[in-house]
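Chemist: Take a look at the following structure, please.
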Amino acid sequence: MKDFSVSRKNRRDFLSFLAGSPLFVSTGFLSTLSQRLFASDELPIELISAPDEAINVFDFHSVAKATLPPAHYGYMASGTDANETLLANREGFKRYRIRNRRMVDVREIETSVELFGTRYPTPIALAPVGGHRAYHPEGELASARGAKVGGHMQILSTQTTTSVEEVTAARGAPIWYQLYPTNDWGVTTALVRRAEDAGCPVVAVTVDRPAARKSETFLRLEKTDTRDCSVCHAQTGLLKDTTQRKPMWEGIDLSGLENTRASSMTWDIVSRLKSVTSMKVVLKGIVTAEDALLCIQYGVDGIIVSNHGGRAEASGRSTIESLAEVVTAVGGRIPVLIDSGFRRGTDVFKALALGADAVCVGRPYIWGLASFGQPGVEAALGILNSEFGRVMRMAGVTSIDQINASYIEDSWG
């Protein structure tokens, strides 16, 4: 087992070295390297021309990569620093293997889950992703309509390019709201109250970005983008000038806004939020047992185990490897969700077996959105649902409640 972990680390380090090499970027080798760097799965050679031609979600990745402007694709695909955490999120799933049971009648399966009193037909939810209109003109509306078809729970980003009211209407049901805390409590309060007024039952506070990040892959691809970006992006360098164009910030005094990071945030934000909203307060970005126990102590209503899809930290640790200790610390007292790196039905099953209540996916549905709009979102989510159903049947389980640790094996012992 030791040899396996060393070889895995060496492979990860080698790919990270290649990702940072100007030689490979300038010669176009990034196109080939991305098969491993961004997905850790083989990408198809030929591009599909319609959503129903997709075999797996990586078919949409290939189309999105070929379709999007370099800067937009780079921003979506990039991790932080040398992408070591992004790589880890895919590699981490290889640590766990599924223990399949036999001789079970699996003709009918039940895949629904309940979160805060609402039942969803699938444990696969849409993670918050900012700026959907950078990937398709219909933006978050297309994503919401795609989510509605499959009954998926959806979390809307603070940095949405469509208002929470419009997205809620398109989804046809309440959505969760992801909150970036800011240095200005008045701004934070305004965002929270607007989300609650729009019917959001949950606010998911992102806590994993206490400092600025360096997205090296994005920075390299941005240099290759020859478009005039000043039409959509403020050139003053001031955060308030960038954010005031986005619908969630409309009507809010942003004169004191300096950052949307969690640099000064402490545990008292939970009580402060609960004093201004009746929404459930979920913390997104918890990855250790110590912080999970503090969540219980401070009255947090739920946890999303997350490293921002490898975009927020250079820890080199996957969320699937972080999940078990968080679940153990929580002990079933509050829901635990997870995101970052989920691309296959097997990934979803492994997370549920390790104790997650639901799984949030980000890039896969964005690949679908960038490729074909709403039909692409529907198809990408549909593929994940179908794969998950097949994995359940192969494992010999007929309902989500039956999936537990007995169906998983840790290859590291």
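Chemist: Any residue at all in segment 204-217 that is within 25 Å of Ala64 (Cβ to Cβ) and assigned to a helix (DSSP H, G or I)?
Modeler: Yes, some residue in segment 204-217 is within 25 Å of Ala64 (Cβ to Cβ) and assigned to a helix (DSSP H, G or I).
Chemist: Among what's in segment 236-265 and is under 23 Å from the mean Cα position of the chain (by Cα) and outside any helix (DSSP H, G or I), pick the residue that is modelled with the highest pLDDT.
Modeler: Ranking the qualifying residues of segment 236-265, first place goes to Met265.
Matching residues to (1) over 12 Å from Ile98 (Cβ atoms); (2) touching a helix residue (DSSP H, G or I) at 6+ places or on another chain (Cβ under 6 Å); (3) assigned to a helix (DSSP H, G or I); (4) modelled with pLDDT under 95:
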residue	(1), (2), (3), (4)
Ala329	yes, yes, yes, no
Gly332	yes, no, no, no
Ile338	yes, yes, no, no
Gly341	yes, yes, no, no
Val359	yes, yes, no, no
Ser371	yes, yes, yes, no
Pro375	yes, yes, yes, no
Gly382	yes, no, yes, no
Ser386	yes, no, yes, no
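Chemist: Report every pair of residues separated by at least 6 positions or lying on different chains whose Cβ atoms are under 7 Å apart, first residue within segment 367-394 and closer than 9 Å to Phe60 by Cα and buried (at least 22 other Cβ atoms within 10 Å of the Cβ), second β-branched (Val, Ile, Thr) and modelled with pLDDT of 95 or more.
Modeler: Trp367/Val57; Gly368/Val377; Leu369/Val377; Ser371/Val63; Ala380/Val57
Chemist: Also, I was wondering about something else. Considering Thr260, Thr288, which residue is closer than 14 Å to Leu179 by Cβ, among the hydroxyl-bearing types (Ser, Thr, Tyr) and touching a residue at least 24 places away in the same chain (Cβ under 8 Å)?
Modeler: Thr260
Chemist: Restricted to segment 316-343, and to residues that are of a type in the set (A, V, I, L, M, F, W, C) and more than 20 Å from Glu91 (Cα to Cα), which residue is surrounded by the most Cβ atoms within 10 Å (Cβ to Cβ)?
Modeler: My answer is Val336.
Chemist: Do the conditions hold for Gly413, that is, is it modelled with pLDDT under 95 and either buried (at least 21 other Cβ atoms within 10 Å of the Cβ) or in a loop (DSSP other than H, G, I, E, B) (or both)?
Modeler: Numbers: modelled with pLDDT under 95: yes; either buried (at least 21 other Cβ atoms within 10 Å of the Cβ) or in a loop (DSSP other than H, G, I, E, B) (or both): yes.
Judged against the criteria, Gly413 is a match.
Chemist: Still on this structure: Is there a residue in segment 55-69 that is in contact with a strand residue (DSSP E or B) (Cβ under 6 Å, 6 or more places away or on another chain) and at pLDDT 95 or above?
Modeler: no
Chemist: Restricting attention to strands (runs of 3 or more DSSP E) lying wholly within segment 80-192, give those where 2 or more residues are under 17 Å from Gly368 (Cα atoms) and either out of contact with any helix residue (DSSP H, G or I) (no Cβ under 8 Å at 6 or more places or on another chain) or free of Cβ contacts under 8 Å to residues at least 60 places away in the same chain (or both).
Modeler: Those strands (runs of 3 or more DSSP E) do not exist here; none qualify.
Chemist: Take the residues of segment 388-410 that are closer than 18 Å to Val113 by Cα, not aliphatic (A, V, I, L, M) and not in a strand (DSSP E or B): which is nearest to the chain's Cα centre (by Cα)? Lay out the reasoning, then the answer.
Modeler: Looking only at segment 388-410, we keep the residues that are closer than 18 Å to Val113 by Cα, and these are 388-393, 397-405.
Next cut, not aliphatic (A, V, I, L, M) only: 388-390, 393, 398-399, 401-402, 404.
Retained after the next criterion (residues that are not in a strand (DSSP E or B)): 388-390, 393, 398, 401-402, 404.
Numbers: Phe388: 18, Gly389: 21, Arg390: 23, Arg393: 26, Thr398: 27, Asp401: 24, Gln402: 25, Asn404: 23 Å.
In this case the residue turns out to be Phe388.
Chemist: Quickly run through segment 54-81 and pick out the residues that are aliphatic (A, V, I, L, M) and closer than 15 Å to Tyr365 by Cβ.
Modeler: Ala54, Val57, Val63, Ala64, Leu68, Met76, Ala77
Chemist: Going residue by residue through segment 397-410, is there one that turns out to be out of contact with any helix residue (DSSP H, G or I) (no Cβ under 9 Å at 6 or more places or on another chain) and surrounded by fewer than 23 Cβ atoms within 10 Å (Cβ to Cβ)?
Modeler: yes
Chemist: Just checking, does segment 216-224 include any residue being closer than 24 Å to His308 by Cβ, of a type outside the set (Asp, Glu), in contact with a Ser or Thr (Cβ under 7 Å, 6 or more places away or on another chain) and at pLDDT below 75? Walk me through how you get there before you give the answer.
Modeler: We begin by selecting, within segment 216-224, every residue closer than 24 Å to His308 by Cβ; these are 216-223.
Remaining after also requiring of a type outside the set (Asp, Glu): 217-221, 223.
Then drop every residue that is not in contact with a Ser or Thr (Cβ under 7 Å, 6 or more places away or on another chain), which leaves 217-218.
If we keep only those that are at pLDDT below 75 as well, we get 218.
Checked segment 216-224: at least one residue is closer than 24 Å to His308 by Cβ, of a type outside the set (Asp, Glu), in contact with a Ser or Thr (Cβ under 7 Å, 6 or more places away or on another chain) and at pLDDT below 75.
Chemist: Could you check segment 46-62 and list, in sequence order, the residues that are hydrophobic (A, V, I, L, M, F, W, C), surrounded by fewer than 24 Cβ atoms within 10 Å (Cβ to Cβ) and assigned to a helix (DSSP H, G or I)?
Modeler: Selection gives Phe58 alone.
Chemist: Considering only segment 111-120, I want to know if a residue exists there that is within 18 Å of the chain's Cα centre (by Cα), over 21 Å from Arg344 (Cβ atoms) and either surrounded by 15 or more Cβ atoms within 10 Å (Cβ to Cβ) or β-branched (Val, Ile, Thr) (or both).
Modeler: yes
Chemist: Still on this structure, please answer the following. Name the residues in segment 247-282 that are of a type in the set (Asp, Glu) and closer than 15 Å to Arg194 by Cα, would you? Working first, answer last.
Modeler: From segment 247-282, those of a type in the set (Asp, Glu) are 250, 253, 258, 268; that's our starting set.
Of everything in segment 247-282, those that are of a type in the set (Asp, Glu) and closer than 15 Å to Arg194 by Cα turn out to be Glu250, Asp253.
Chemist: So, of the residues in segment 196-221 that are of a type in the set (Ser, Thr, Tyr) and under 19 Å from Pro128 (Cα atoms), which turns out to be surrounded by the fewest Cβ atoms within 10 Å (Cβ to Cβ)?
Modeler: Top of the filtered list is Ser215.
Chemist: Mind listing whichever residues of segment 396-413 are among the β-branched types (Val, Ile, Thr) and closer than 14 Å to Lys350 by Cα?
Modeler: Scanning segment 396-413 gives Val397, Ile400, Ile403, Ile408.
Chemist: Let me ask something else about it. Which condition does Lys350 not pass, out of (1) charged (D, E, K, R); (2) part of a loop (DSSP other than H, G, I, E, B); (3) more than 24 Å from Leu47 (Cα to Cα), if it passes all the others?
Modeler: (2)
The values are calculated or read from the model by the stated rules, or taken from the named source; none is laboratory data. For clarity, every value in this text was computed on a predicted model and none was experimentally measured. All Cβ positions, glycine included, derive from the backbone under ideal geometry; neighbour counts span all protein chains shown.
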